[in-house]
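The values are calculated or read from the model by the stated rules, or taken from the named source; none is laboratory data. Because the structure is a prediction, the values reported are computed rather than measured. Here Cβ is always computed from backbone atoms with ideal geometry, including for glycine, and neighbour counts include all displayed protein chains. Note: accessible area is taken over every heavy atom of the protein model, side chains too, but ligands, DNA and RNA are not part of it. Shrake-Rupley method; radii C 1.70, N 1.55, O 1.52, S 1.80 Å.
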Amino acid sequence: MLILLPPSEGKTPAQTGSPADLADLSFPSLTAARQEVAFALASVSGQDDALRQLGVGATLGHEVSRNMRLMKEPAAPAHSIYTGVLFDALGYSNLTTTQKRKADATILVISGLWGAVGFADSIPAYRLSMSVGLPGLGKLASYWKPRLAAALAEHAQDHLMVDCRSSSYAAAWVPDPVRTVAINVFTERDGTRKVVSHFAKHTRGELARHLLTRRGAAPQNPEQLTRAAGERWTVELVAGTSRKAHALNIILSD
């Protein structure tokens, strides 16, 4: 089983530590692409219209400025850099040592800057969404799609993919749909369902935590994942096809 997560929009910068060594990140075949994106990001971040190009507000100017010195900034494990609703619900810091090892081996974060990183990979805080287009590179989801397909194919082989990504990050890598389950979250009242955003992030984080902490073997197929999620939530599995991933719908009472 692999759990695919999007990065958080906000990051918690490391206060001390050495800068990141891109060659030490998971999937070293992506090193050249990471350097290319980091260079393009630093260049854009120094321009007068950087906030507009990166799609962020004026209050985030300090985060954009940090993009210009990424390779000099202190780095820390991805699980401490990425924060926010999903990652708070996952609660890495209060997992047991064994559960943390499982998280480090199981979780992949798909990133606009790094392509893909493991949860224990050492990275600096940055500001870049997968939906952004960078000069010379174009839209990042399109840039990363062939590169991630090549880099992740062997790693993903024979694993069940628990896909907790949002749409822009899901577009950057499309694993084998037969072995992929997209996680959807709905609220339901009087038989009417609504797609939720904030609670979707929270619930996906809770699901990741449940899969890391529950007893027994990790799910190996969509049906086993459905049973595991059903230990905590009302769920339904929508079968996929050879071209479309399965969908696990988690239904929350409104």
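To the nearest 20 Debye, how big is the dipole of segment 1-130 about its Cα centre, given +1 on the beta carbon of each Lys and Arg and -1 on that of each Asp and Glu? Spell out each step's value before the answer.
Values: 10 positive and 11 negative charges, 39 e Å.
With only Lys, Arg, Asp and Glu charged at Cβ, the dipole is about 180 debye.
Normalised by the number of residues in segment 82-181, what is the relative contact order in percent for Cα pairs under 8 Å and 6+ residues apart? Walk me through the intermediate numbers first.
Numbers: 90 pairs, mean separation 20.7, N = 100.
Relative contact order comes out at 21 percent.
Decide, for segment 22-118, between rounded, prolate and oblate: order the square roots of the alpha carbon gyration tensor eigenvalues as a ≥ b ≥ c, take rounded if a/c falls under 1.5, and otherwise choose prolate if a/b is larger than b/c, else oblate.
Values: a/c = 2.61, a/b = 1.56, b/c = 1.68.
Verdict is oblate for segment 22-118.
When the label point is put 7 Å from the Cα of Glu36 along its Cα-to-beta-carbon vector, which residues of segment 113-134 have a backbone N closer than 14 Å?
113-115, 134
With every protein chain present, what is the per residue accessible area of the chain (1.4 Å probe, Å²)? List each step's numbers first, then the result.
Details: 11990 Å² over 254 residues.
With the other protein chains kept in place, the chain gives 47 Å² per residue.
Determine ³J(HN,Hα), in whole Hz, for all residues of segment 5-14 in sequence, where each value follows from phi through the Karplus function 6.51 cos²θ - 1.76 cosθ + 1.60 and θ = phi - 60°; x replaces Gly and Pro.
Residue by residue, segment 5-14 yields 10, x, x, 6, 5, x, 10, 9, x, 5 Hz.
Say each of Thr213 and Arg52 gets a label point 7 Å from the Cα, pointing the same way as Cα to Cβ; how far apart are those two points in nm?
4.7
Could you please state how large a percent of the accessible area of segment 1-58 is carbon and sulfur, counting protein chains only and using a 1.4 Å probe?
On the way: 1410 of 2820 Å².
Accessible surface attributable to carbon and sulfur in segment 1-58 totals 50 percent.
Within 10 Å of each candidate Cβ there may be at most 12 other Cβ atoms; applying that plus a DSSP loop requirement, which trypsin sites (Lys or Arg not before Pro) in segment 192-243 survive?
Numbers: sites: Arg193, Lys194, Lys201, Arg204, Arg209, Arg214, Arg215, Arg227, Arg232, Arg243; in loops: Arg214, Arg215, Arg232, Arg243.
Taking segment 192-243 and a limit of 12 other Cβ atoms within 10 Å, the loop trypsin sites (Lys or Arg not before Pro) found are Arg215, Arg243.
In percent, how large is the relative contact order of segment 38-116, given Cα pairs closer than 8 Å and 6 or more residues apart?
On the way: 31 pairs, mean separation 17.9, N = 79.
23 percent.
Please sort 47-57, 130-140 by packing, taking for each peptide the average over its residues of neighbouring beta carbons within 10 angstrom, highest first. Let's see the in-between values first.
Values: 47-57: 13.5, 130-140: 16.8.
Highest-to-lowest ranking by the protection proxy: 130-140, 47-57.
Alpha carbons only, please: Rg and Dmax for the chain, in angstrom.
Taking only Cα atoms of the chain, I get Rg and Dmax of 18.2, 54 Å.
Would you give the gap between the C-alpha center of segment 60-108 and the C-alpha center of segment 109-182, rounded to a whole Å?
After rounding, the separation between the Cα centres reads 16 Å.
Quick test of the membrane-span-like rule: which DSSP H helices of the chain reach at least 30 Å along their long axis (C-alpha atoms) with mean Kyte hydropathy at least -0.5?
Details: long enough: none.
Helices meeting the criterion: none.
In percent, how large is the relative contact order of the chain, given Cα pairs closer than 8 Å and 6 or more residues apart? Let's see the in-between values first.
Details: 469 pairs, mean separation 59.8, N = 254.
For the chain, the relative contact order is 24 percent.
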